Amino acid sequence: MPLFSKKPRVNLETFCSEFFDSQILAPVNAGEDGAVFVETLLESVGSADPSFGRATLPAFRREINALHSELFGLAFDLVVKKAPLCLEVSALTKRYLEEKGAADMWAGAEVYNQTIARSSHEVFQRERIRRANITFLNSFRFRSAKKWYEAATTGHASFAGTDPECMVRVANRLGTEVAWSKGITLAMLVGTLREQLGVEVNAEARFRLQTIVSGLYEGARETVASVSFDVPRGG
């Protein structure tokens, strides 16, 4: 491979649809279909703590897929760091899931998106600094979403047609790099996953859940980082 070989440039809509088709809507892992793969994950956690058996396979599949879709958005945003592209991916994700009859996955991802936003509040432990950080992040996210919305409503090419809900999803991920790198976001996402499933588990089961969630994020991150995208016109 040439030392300075360029990343392949891909169409953003095609990239998103192929990722969801292959990794979330109908994942294939080592020759197993998606149902068997998710069942294997459930059994792995359940073997560490039988109380996790209270989580049914349909519920676990629903939550892990919703979480996976949000992890894809987080990975994209943290790798690409270009608002027009991040907003377009958010809009493409919502539209594609609705077209595939999976609007419930988009709705189900909201709680994980909110958890990601809150995780950045926990970076600092000293109360005074923590409060200042929360105030700054909330203001920064609000101002960013407001700017994008105003750009969309005035016909800016990069933001035209973007759903305000999609803007909020992207805004909630702003400023989360440190929280993710410290493992704060990961731990809180696993906590939310357990709450959604209505289960409490021991330390080994939590570790296995964190390994699963981390693996889903890393897979998305590596996929995003392996290609390049055209910045939308006007961005």
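No value in this document is a laboratory result; all are computed from the given coordinates. Because the structure is predicted, anything quoted here is derived from the model rather than measured. Note that we place each Cβ from the backbone using ideal geometry, even for glycine, and neighbour counts take in every protein chain shown.
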*Using modelled backbone amide H atoms (1.01 Å from N, in-plane), which distant-in-sequence or interchain residues come within less than 5 Å of SER228's amide H?*
ARG9, VAL10
_Mean projected area (nm²) of the alpha-carbon convex hull when segment 174-227 is viewed from all directions_ = 4.4 nm²
*Straight-line reach from LYS81: which aspartates and glutamates have a Cα under 18 Å away, not including same-chain ones fewer than 8 places off?*
GLU13, GLU70, GLU177, GLU218, GLU222, ASP230
*Over segment 110-235, one equal point on each Cα, no solvent: what is log10 I(q)/I(0) by the Debye formula at q = 0.11 Å⁻¹?*
-0.50
*asked:* Give the average over all directions of the projected area of the C-alpha convex hull of segment 9-229, one decimal, in nm².
replied: 12.4 nm²
_I'd like the FRET efficiency for ALA203 and GLU110, computed as 1/(1 + (r/R0)^6) with the beta carbon distance as r and R0 of 30 Å, rounded to 0.05._
0.60
*Can you give me the relative contact order of the chain as a percent, contacts being Cα pairs under 8 Å and 6 or more apart?*
34 percent
*Residue separation times 0.36 nm, minus the C-alpha to C-alpha distance between ARG130 and LYS81: what's the value?*
15.2 nm
*Loop-only check: which trypsin sites (Lys or Arg not before Pro) in segment 97-192 are DSSP coil with at most 10 other Cβ within 10 angstrom?*
ARG126
*Can you tell me the FRET efficiency between LYS147 and ASP230 if r is taken as the Cβ-Cβ distance and R0 is 22 Å, rounded to the nearest 0.05?*
0.50
*Going by a ≥ b ≥ c, the root eigenvalues of the Cα gyration tensor, does segment 20-140 fall in the rounded group (a/c under 1.5), the prolate group (a/b larger than b/c) or the oblate group?*
oblate
*asked:* I'd like to verify something in the chain: which complete DSSP H helices, judged by Cα projection on the helix axis, reach 30 Å or more and average at least -1.0 on the Kyte-Doolittle scale?
replied: 57-80, 127-153, 203-225
*Kindly put TYR217, TYR112, TYR149, TYR96 in sequence by how many other C-beta atoms sit within 10 Å of each C-beta, fewest to most.*
TYR149, TYR96, TYR217, TYR112
*Helical contribution to [θ] at 222 nm, DSSP H n ≥ 4, -39,500 (n - 2.57), averaged over the chain, rounded to 500*: -22500 deg cm²/dmol
